[in-house]
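Taking it in order: structure first as structure tokens, then the write-up.
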Amino acid sequence: MTGRVARLVASDAVGALIVVLAAVAIGVAVVALLSDEPAAAVDAMLTGPFDGRYQIGSTLARATPFIFTGAALALSFRVGVFNLGAEGQLYLGAAAGTAVAIRIDLAGPLTIVLATVAGALAGAAWAAIPGALRAYAGANEIVMTLMLNFVAILFVGWLLSGPLADPARVGFPQSESIPDDGRLPRLLEPSNLHLGFVIACVGCLVLHVALTRTSWGLGLRLSGENAEFATYVGLRPERSMLVGMLCSGAAAGMGGIVHILGDQLRLLDGFSASYGFIGILIALLVRNNLLLVPVAAVFYSWVISGAQVMEETTDVPREVVSVVQGVLFLLVTATAVTTYLRRRSTPQSAQTLDPVGAA
Amino acid sequence: MSELLTTAFLIAALRAAAPILIAAMGSVVTERVGVPNIGVEGMMLAGSFTAVVVAIEVGNAWVATGAAALVGTMLALVLGFVTVRWGADAIVAGFAINVFAAGFTVLLLSEIYGSKGSLVRPDISVLPVIELPVADVPILGAVAGQNIMVWVAAALVGVSWALLFQTRFGVHVRAVGEDPDAARAVGIPVRLTQYRALAFGGFTAGLAGAGLAIGYLSSFTRDMTAGRGFIALAAALFGGRHPLGAAGAALLFGAAEAAGNRLQGQGIPSQFVLMLPYLVTAVALAAISVRRTVAERRSLTRVEAA
């Protein structure tokens with residue numbers, strides 16, 4: 001069993017590695033084309049993010065929200081729903097958690113715990129709407145979640161112009177800063193790496209165990225892979241779908257508030273760097289393998305951190321990342337072919353153990 | 001509330017609805033063929049960007065519109081290639097198109113024009129307005145001075161209907177969407193049909209992007225489509241994947257956008273006003289799904305009772 005799992009992790013990792021190398025190679029080629037000093041630009045992009053204690057800490061800190069949204073998406077793909085609403089769930093989680101941290105006066109770490117729980121609940125609640133409509137009314141969750149993103153982001157914008165606005169800086173769409181008690185401890189000063197990174201990695205491990213080692217997880221995965229069979233063995237796939245969506249929303253919401261409590265220290269309008277959407281890429285890159293989600297997130301952070309270092313030190317704009325992003329996405333979707341072939345060549349009974357999700 | 005239903009409001013609603021409607025017609029066809037085109041948002045954005053750039057560089061709005069439609073079509077063919085040929089997931093691949101278009105337009109914007117936000121040129125060549133002598137007629141006055149894109153949108157409803165229900169291609173599209181294996185068995189070229197349907201989807205999305213950028217507005221701003229592609233997709237679904245239904249839905253969503261613009265500066269926080277089209281779209285989709293499910297349950301219990 002252990003050997004089998006190790007082999008599957010290895011094959012996921014190898015597949016992801018090929019995609020990553022190809023995308024980075026194309027990125028390097030584009031940079032070399034655009035820059036007047038290609039060698040310096042490429043060097044800044046590739047080595048900048050790990051150049052010293054400060055840069056390493058920043059790169060890991062930047063990866064943290066992507067771990068949460070990557071896990072959120074991997075989870076939703078596993079149960080066979082497309083949660084393209086992680087972006088909105090992240091915003092609402094951040095807002096609910098910030099409200100708790102600012103408004104409720106608690107001693108010490110209790111503030112952090114309560115704010116994080118509030119964030120997770122808000123994310124889950126927002127995901128419950130498309131989740132329930134998908135599971136019980138067959139509504140198109142893709143368009144639904146995309147629409148709800150706009151609603152959530154605008155709603156948070158309103159919160160920051162009214163109920164949650166910083167009284168000291170009227171007119172700026174931002175909240176008061178999080179009180180010291182509510183801040184997550186920093187791990188690698190002077191960088192902004194915070195405890196949230198560890199929480200995210202442990203969270204992925206816990207989710208992985210829950211999904212692969214418990215009957216609850218088996219039920220969820222079974223419903224996602226073969227709803228008909230799940231019904232036949234007495235499971236309720238609709239319920240699994242909703243539960244999966246709730247967990248996915250909770251992970252996204254938690255990612256939002258952890259980013260605020262650890263990194264930004266106050267809620268800002270439009271703070272997300274497309275965390276919810278890039279979560280799709282993270283999840284697909286490692287074929288919904290939760291154990292590998294942190295690795296993919298750090299990789300992605302390396303790419304965007306590299307682009308930022310490059311923009312600061314050379315003449316290449318950071319939007320070059322978009323090319324790498326697009327190529328990554330397309331290559332990741334292309335690897336679906338190998339998934340498809342592998343599925344076909346695997347006997348029926350082994351399919352349920354394959355950690356390859358709906359994608 | 002009554003001032004919402006003036007001719008001025010109808011004019012604004014039609015203007016706002018036109019890009020959504022145009023892209024919705026393509027979405028009806030792609031939904032019918034069974035390859036959902038989530039990439040419609042990115043194709044539209046790429047179309048907007050292309051239209052503005054070509055309008056500036058060439059100085060001809062018609063050439064710009066053609067180029068936008070061409071770019072949309074090409075992106076759709078890329079999507080077709082990875083999904084139809086490689087068997088990739090259409091949703092994810094479509095999303096890849098969106099991510100790519102969002103970033104790539106900004107990259108080109110900064111590389112060509114040195115701007116990271118927007119591209120506004122007052123002297124840009126835009127699509128013409130068609131003046132009709134009905135400005136003073138009630139209701140009809142709404143179409144008196146509309147941009148040609150509104151008329152293109154109206155014509156596309158007819159074109160899409162004819163395409164789907166009066167041509168051999170339409171029969172193929174519907175057959176492939178219903179059951180690709182059965183379609184293949186009777187000799188319908190499944191992949192070719194999917195490619196052609198997607199190409200139509202990309203063509204309309206690019207056209208819609210041009211309508212938005214050099215018809216509705218006359219500038220390009222990063223992410224300027226702001227979910228209109230997704231709303232077009234929602235219109236296709238809400239309209240029962242039928243051109244007429246989708247057109248009605250697009251008008252509804254366009255009216256929501258126009259109502260939002262109208263309500264601005266009337267004491268309602270701007271965020272809620274901007275929320276309106278997305279909220280209306282989400283509620284509409286939810287309502288129709290619930291209604292369909294309830295109806296199905298009812299007919300089921302009737303069968304069981306009988």
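Kindly indicate whether A:E189 is away from chain B (no Cβ under 14 Å), out of contact with any His (no Cβ under 9 Å at 6 or more places or on another chain), in a helix (DSSP H, G or I) and at pLDDT below 85.
Answer is no for this residue.
Looking at B:S219, is it at pLDDT below 90 and either farther than 30 Å from B:P128 by Cα or not acidic (D, E) (or both)?
yes
Quickly run through the stretch B:164-194 and pick out the residues that are buried (at least 20 other Cβ atoms within 10 Å of the Cβ) and in contact (Cβ under 8 Å) with a residue 40 or more places away in the chain.
If the condition is that a residue be buried (at least 20 other Cβ atoms within 10 Å of the Cβ) and in contact (Cβ under 8 Å) with a residue 40 or more places away in the chain, then B:L164, B:V173, B:V176, B:G177, B:T193, B:Q194 are the ones that fit.
Condition check ((1) within 14 Å of chain B (Cβ to nearest Cβ); (2) among the β-branched types (V, I, T)) across all residues:
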| position | (1), (2) |
| --- | --- |
| A:A71 | no, no |
| A:R78 | no, no |
| A:L92 | yes, no |
| A:V113 | no, yes |
| A:G119 | no, no |
| A:A124 | no, no |
| A:G157 | yes, no |
| A:P163 | yes, no |
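Return yes or no: is B:R297 over 15 Å from the mean Cα position of the chain (by Cα), more than 24 Å from B:V35 (Cα to Cα) and more than 9 Å from chain A (Cβ to nearest Cβ)?
It is true that B:R297 is over 15 Å from the mean Cα position of the chain (by Cα), more than 24 Å from B:V35 (Cα to Cα) and more than 9 Å from chain A (Cβ to nearest Cβ).
Please note which helices (runs of 4 or more DSSP H) are completely contained in the stretch B:152-254 and include at least 3 residues that are under 28 Å from B:I288 (Cα atoms) and more than 14 Å from chain A (Cβ to nearest Cβ).
Because the criterion is at least 3 residues that are under 28 Å from B:I288 (Cα atoms) and more than 14 Å from chain A (Cβ to nearest Cβ), the helices (runs of 4 or more DSSP H) in the stretch B:152-254 that meet it are B:168-178, B:190-211.
Among A:A13, A:A6, A:A63, A:A22, which is the only one that is of a type in the set (G, A, S), at pLDDT below 90 and under 29 Å from A:V316 (Cβ atoms)?
A:A22
So which of B:I124, B:I97, B:I91, B:I112 ends up being within 14 Å of chain A (Cβ to nearest Cβ), farther than 29 Å from B:A249 by Cβ and at pLDDT 80 or above?
Residue meeting the stated conditions: B:I112.
Scan the stretch A:229-278 residue by residue and report those that are among the acidic types (D, E) and within 20 Å of A:L211 (Cα to Cα).
A:E238, the sole residue that qualifies.
How do the pairs read when you match residues in the stretch A:130-149 that are facing chain B (nearest Cβ under 7 Å) and within 10 Å of B:F230 (Cα to Cα) with residues anywhere that are assigned to a loop (DSSP other than H, G, I, E, B) and aromatic (F, W, Y), using Cβ under 9 Å and keeping only pairs 6 or more apart or on different chains?
Taking only residues 6 or more apart or on different chains, the pairs are A:I142/A:F82.
Which residue out of B:T65, B:T73 is more than 29 Å from A:G276 (Cα to Cα), polar (S, T, N, Q) and in contact with a helix residue (DSSP H, G or I) (Cβ under 7 Å, 6 or more places away or on another chain)?
B:T65
Being polar (S, T, N, Q) and more than 13 Å from B:D223 (Cα to Cα) is the filter; apply it to the stretch B:68-114 and report the residue that is nearest to the chain's Cα centre (by Cα).
Result: B:T73.
Which members of the stretch A:158-177 meet the condition of being among the charged types (D, E, K, R) and crowded, with 19+ Cβ neighbours inside 10 Å?
Correct list: empty.
Does the stretch B:264-277 contain any residue that is in a helix (DSSP H, G or I) and closer than 28 Å to B:A90 by Cβ?
Checked against the condition, which is being in a helix (DSSP H, G or I) and closer than 28 Å to B:A90 by Cβ, the stretch B:264-277 yields at least one hit.
Which residues, counting only those in the stretch A:49-60, are touching a helix residue (DSSP H, G or I) at 6+ places or on another chain (Cβ under 6 Å) and either surrounded by 22 or more Cβ atoms within 10 Å (Cβ to Cβ) or outside any helix (DSSP H, G or I) (or both)?
Those that are touching a helix residue (DSSP H, G or I) at 6+ places or on another chain (Cβ under 6 Å) and either surrounded by 22 or more Cβ atoms within 10 Å (Cβ to Cβ) or outside any helix (DSSP H, G or I) (or both): A:P49, A:T59, A:L60.
Right, A:L290: closer than 23 Å to A:Y54 by Cβ, in contact with a Leu (Cβ under 6 Å, 6 or more places away or on another chain) and surrounded by 24 or more Cβ atoms within 10 Å (Cβ to Cβ) or not?
No.
The values are calculated or read from the model by the stated rules, or taken from the named source; none is laboratory data. These figures come from a predicted structure and were not determined experimentally. In this analysis, Cβ positions are derived from the backbone assuming ideal geometry, glycine residues included, and neighbour counts consider all displayed protein chains.
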